[in-house]
1. Select from the chain the helices, each a whole stretch of DSSP H, whose alpha-carbon atoms run 24 Å or more along the helix axis and whose Kyte-Doolittle mean is at least 1.6; answer none if there are none.
2. Going highest first, how would you order 127-135, 279-287, 44-52 by mean Cβ packing within 10 Å?
3. Run the reach check for Lys167 against lysines, Cα to Cα strictly under 23 Å, same-chain hits fewer than 8 apart removed. What comes back?
4. Between region 212-291 and region 82-99, how many Å separate their Cα centres?
5. Please work out which option in (1) 141; (2) 155; (3) 182 gives volume of the Cα convex hull per residue in Å³ calculated from these coordinates, and answer with its label.
6. Tell me the per residue accessible area of the chain using a 1.4 Å probe; a whole number in Å² is fine.
7. With springs only between Cα atoms under 10 Å, which of Leu153, Leu53, Leu179 fluctuates most in a Gaussian network model of the chain?
8. Between Arg286 and Trp124, what's the calculated FRET efficiency when r is the beta-carbon distance and R0 is 25 Å? Round to 0.05.
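The values are calculated or read from the model by the stated rules, or taken from the named source; none is laboratory data. Predicted model, so just to flag it, every value in this text is computed and none were measured. Note: ideal-geometry Cβ built from the backbone for every residue, glycine included; neighbour counts use all protein chains shown. Calculation scope for accessible area: heavy atoms of the full protein, side chains included, ligands and nucleic acids excluded. Shrake-Rupley method; radii C 1.70, N 1.55, O 1.52, S 1.80 Å.
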Amino acid sequence: MMVCSCALIAATSLMAKALGPLGSAALGIEGTPLHPMQVSAGRFGFAFLALLLIVAVWRPRFQGIQWRIHTARSLVGWGGVSCMFAAAAHMNLADAMAISFLSPIFTMMLAIPFLGEKVGRWRWLAAAIALAGGLLIVRPGTDAFQIVALVALSAALLMGAEAILIKRLTSREPTLQILTVNNGIGAAIALTAVSFVWLPPTQVQWGVMAAIGITMLCAQVFFLQAMRRAEASYVIPFYYATLIFATLYDFVVFGDLPAWISVAGAALIVGGALLQVWREKLARERKAAAV
């Protein structure tokens with residue numbers, strides 16, 4: 001289930017790239033390339049429509065909705081998705097996805113002030129390794145530096161903040177309620193923001209935006225089901241298969257391959273994240289043994 005989620009997440013970024021200036025030119029898609037906020041509006045809008053159909057059939061009872069947390073989560077989630085789509089549209093897809101994998105590191109850092117968590121030396125080491133990998137990909141101060149890489153870095157920071165808010169929600173509300181409320185608020189935010197940059201999409205562009213929304217919703221369902229059926233320390237390492245799928249898709253569709261230094265940077269990011277997962281697993285085992 002986690003590998004399926006990875007394949008679908010990478011596919012949404014690929015489709016977002018196809019709607020941008022580089023992708024549209026390479027694939028010969030008719031119409032003016034769409035703004036990332038318009039792609040993001042399609043992602044939230046069509047996902048919310050699909051959820052409304054599910055709610056109409058199942059008729060679940062929504063109660064105890066944490067509106068403040070949902071609104072904050074939707075704001076940073078919309079910002080993270082928009083930045084991710086913008087980065088995917090203007091740079092190598094594998095590089096953009098690799099930078100986004102810094103989000104667990106930002107989650108760890110944000111958990112200190114917002115959740116009161118204590119971070120040991122091993123987790124700080126994992127963070128340092130991952131951040132070093134991010135610097136290899138971004139390469140500030142060199143000719144290889146791209147401003148758009150900072151957009152991908154912003155996506156990682158926003159997704160890290162979103163994870164903090166998700167942690168608060170999952171202990172208080174059921175999955176379908178979280179998905180429906182989040183995508184509803186996200187759609188309202190995205191549709192309001194896109195009114196400033198709206199361009200009439202072609203039929204093909206409408207279809208791709210609908211596919212992005214449905215695909216991302218399916219990815220979320222697979223991710224949540226994987227997390228429900230096994231320990232996080234077991235399933236989270238499989239999440240990094242997203243990078244493999246992104247590289248494969250980018251090569252097959254656009255003929256792009258990441259540079260060797262980007263591969264090294266991605267390896268450091270994934271290595272740092274896996275070190276963090278491993279240490280958390282050991283900590284939980286020690287705590288369980290003590291009890």
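1. Numbers: long enough: 2-19 (26 Å, 1.76); 36-58 (33 Å, 1.64); 67-90 (34 Å, 0.51); 121-138 (25 Å, 1.43); 147-170 (35 Å, 1.82); 175-194 (27 Å, 1.35); 203-229 (39 Å, 0.92); 260-290 (45 Å, 0.50).
Taking the DSSP H segments of the chain (at least 24 Å long, mean hydropathy at least 1.6), we get 2-19, 36-58, 147-170.
2. Averaged packing, sorted descending, gives the order 44-52, 127-135, 279-287.
3. Lys118, Lys281, Lys287
4. Taking the Cα centre of each part, region 212-291 and region 82-99 sit 16 Å apart.
5. (1)
6. Working: 14100 Å² over 291 residues.
Normalised by residue count, the accessible surface of the chain is 48 Å².
7. Highest fluctuation among the options: Leu53.
8. Details: r = 19 Å, r/R0 = 0.74.
So, using R0 = 25 Å, E works out to roughly 0.85.
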